[in-house]
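Scroll down for the structure; my scribbles are underneath it.
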Amino acid sequence: MTRIDRRALIASAAAMAAAPAARARTPGWEVWPEMPWQVQEVYADVWTGRIAVAGGLKATPGQPLHIEDRLGLFSPNRKSWSEGPRLPAPRHHPMMVAAGQTLWAIGGYGRSEAGEWTNATEVWSLRGPDATEWTAGPPLPVPQAEAVGLSHARRVHLVTGRSPGGAANGNWNDQADTDRHWVLADERWEAARPCPMARNSAAGAVLDGALWIAGGRTVTGGGTGRLDRYDIEDDRWDTLAPIPRSEASGQQVGGGLALVALPGRLVAFGGEWFRPRAEGGGGGVFAETWVYDVARDAWERGPDMRTPRHGLAAVAWRGAVVAIAGGDVVSGGNATGVVEAWTPSLFY
């Protein structure tokens, strides 16, 4: 795949918003109340009984890129949204990780004089459900966005993503893929064993005391279905069966997907693919859901999402898989507030 000019793709994809992707109507996923605003390139976690989603972006034709600072809080029990304290500064791709009563917002991209893809080191936290403002936490040792953020035993792990490849840090093409693995413990970041493959826009989950990193993409190589597992106790990475290719598009499911863990299974869904410029550019969005059986080290198809999306947030909630917001056309062309949920136990 040729080198991606992310800003150009966002600009061109914005024009596609008038013709959004077709909606798959396969049974399985149900519609939940939408977010009060449309956004993509977001992450989520369950915090104090609510689903927390913050930051993100929205591209509108003829207007500057909108970078969000709002925090959405969804109560699955009440099926309703509320708004929490705004981030100290707008961010897209900020990693949202809950560890105990603390909600962390880690890194991401912000706007600066250098550009609207300035990779940030700032880390902020909300300490407890009654917190009214974010407080500064230990900054990242180096900027790292489009990463995977996970929590285990009250420690926060940040794995893979993109960091500045040189002195420049303001545009998407200033960033390079990384295999770095950081752990936040006792209010400081420590280096851990790197992931076996450097890539960005992967997804992750915690299952059986291990970190699972699925999919992602490289700037020059496109999407990968790779599945890596990190054994925290043994400090060891293992590579397992990859996510299959999409039969509908003929493309590899990889960048911008979501992943959640349920007992004995991982569920991956969504994502996007790019067509090389030499072939006309553009690309598409995946509707597929893939279910990984840990005992068999094998994937099988689940029901397609009703709304194909990438750059979406996702969590597991009492046996259900919840998919939140995201873009329904490739790159930044059309952000949504769509929320859908699927309960695999009703399917298998």
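Things to note:
- Number of the condition not met by residue 325 [criteria: (1) at pLDDT 95 or above; (2) over 15 Å from residue 263 (Cα atoms); (3) in contact with an Asp or Glu (Cβ under 7 Å, 6 or more places away or on another chain)]: (3)
- When region 157-169 is limited to residues that are buried (at least 18 other Cβ atoms within 10 Å of the Cβ) and among the aliphatic types (A, V, I, L, M), the one that is farthest from residue 219 (Cα to Cα) turns out to be 158.
- Output for region 220-276, where each listed residue is of a type in the set (Lys, Arg) and closer than 19 Å to residue 297 by Cβ: 226, 229, 236, 245, 265
- Residue under evaluation residue 96, criteria (1) touching a residue at least 60 places away in the same chain (Cβ under 8 Å); (2) open to solvent by 30 Å² or more (accessible area, probe 1.4 Å); (3) in a strand (DSSP E or B), criterion not met: (2)
- Search result, residues across region 301-314 that are touching a Pro at 6+ places or on another chain (Cβ under 9 Å) and outside any loop (DSSP other than H, G, I, E, B): 301
- Residue list for region 267-288, restricted to those being in a strand (DSSP E or B), among the aliphatic types (A, V, I, L, M) and surrounded by fewer than 24 Cβ atoms within 10 Å (Cβ to Cβ): 267
- Near pairs, Cβ below 6 angstrom, 6+ apart or cross-chain, from region 136-154 (at positive phi) to any residue that is part of a strand (DSSP E or B): 146/162; 146/200; 154/99
- Output for region 75-86, where each listed residue is in a loop (DSSP other than H, G, I, E, B) and either among the acidic types (Asp, Glu) or open to solvent by 10 Å² or more (accessible area, probe 1.4 Å) (or both): 77, 78, 79, 85, 86
- Residues of region 260-281 that turn out to be under 18 Å from residue 307 (Cβ atoms) and modelled with pLDDT of 95 or more, as a count: 7
- Selected residue (criterion: least open to solvent (accessible area, probe 1.4 Å)) from residues of region 186-203 that are of a type outside the set (D, E, K, R) and in contact with a His (Cβ under 8 Å, 6 or more places away or on another chain): 195
- Looking across region 170-185, just one residue is part of a loop (DSSP other than H, G, I, E, B), within 28 Å of residue 230 (Cβ to Cβ) and open to solvent by less than 40 Å² (accessible area, probe 1.4 Å), and that is 178.
Yes or no, residue by residue, for (1) among the charged types (D, E, K, R); (2) touching a Gly at 6+ places or on another chain (Cβ under 9 Å); (3) at pLDDT 95 or above:
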{"site": "55", "(1), (2), (3)": "no, yes, yes"}
{"site": "60", "(1), (2), (3)": "no, no, no"}
{"site": "71", "(1), (2), (3)": "no, yes, yes"}
{"site": "77", "(1), (2), (3)": "no, yes, no"}
{"site": "87", "(1), (2), (3)": "no, yes, yes"}
{"site": "98", "(1), (2), (3)": "no, no, yes"}
{"site": "104", "(1), (2), (3)": "no, yes, yes"}
{"site": "107", "(1), (2), (3)": "no, yes, yes"}
{"site": "112", "(1), (2), (3)": "no, yes, yes"}
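- Complete set of residues in region 315-348 that are in contact with a strand residue (DSSP E or B) (Cβ under 6 Å, 6 or more places away or on another chain), open to solvent by 20 Å² or more (accessible area, probe 1.4 Å) and within 17 Å of residue 44 (Cα to Cα): 316
- Matching residues, region 99-133, being polar (S, T, N, Q), more than 20 Å from residue 188 (Cβ to Cβ), touching a strand residue (DSSP E or B) at 6+ places or on another chain (Cβ under 8 Å) and open to solvent by 20 Å² or more (accessible area, probe 1.4 Å): 112, 118
- Count of region 289-301 residues, restricted to those that are open to solvent by 10 Å² or more (accessible area, probe 1.4 Å) and touching a residue at least 12 places away in the same chain (Cβ under 8 Å), is 8.
- Hits in region 64-74 - residues which are touching a Phe, Trp or Tyr at 6+ places or on another chain (Cβ under 8 Å) and either part of a loop (DSSP other than H, G, I, E, B) or surrounded by fewer than 15 Cβ atoms within 10 Å (Cβ to Cβ) (or both): 68, 70
- Among the residues making up region 108-135, those that are in contact (Cβ under 8 Å) with a residue 24 or more places away in the chain, out of contact with any His (no Cβ under 8 Å at 6 or more places or on another chain) and either among the acidic types (Asp, Glu) or part of a loop (DSSP other than H, G, I, E, B) (or both) are 113, 114, 116, 120, 122, 128, 129, 131, 132, 133, 134.
The values are calculated or read from the model by the stated rules, or taken from the named source; none is laboratory data. Quick caveat, the model's predicted, so the values are computed rather than measured. Please note: Cβ atoms are built from the backbone with ideal geometry, for glycine as well, and neighbour counts cover all protein chains shown. What goes into the accessible areas is simple: the full protein's heavy atoms, side chains included, and nothing from ligands, DNA or RNA. Shrake-Rupley method; radii C 1.70, N 1.55, O 1.52, S 1.80 Å.
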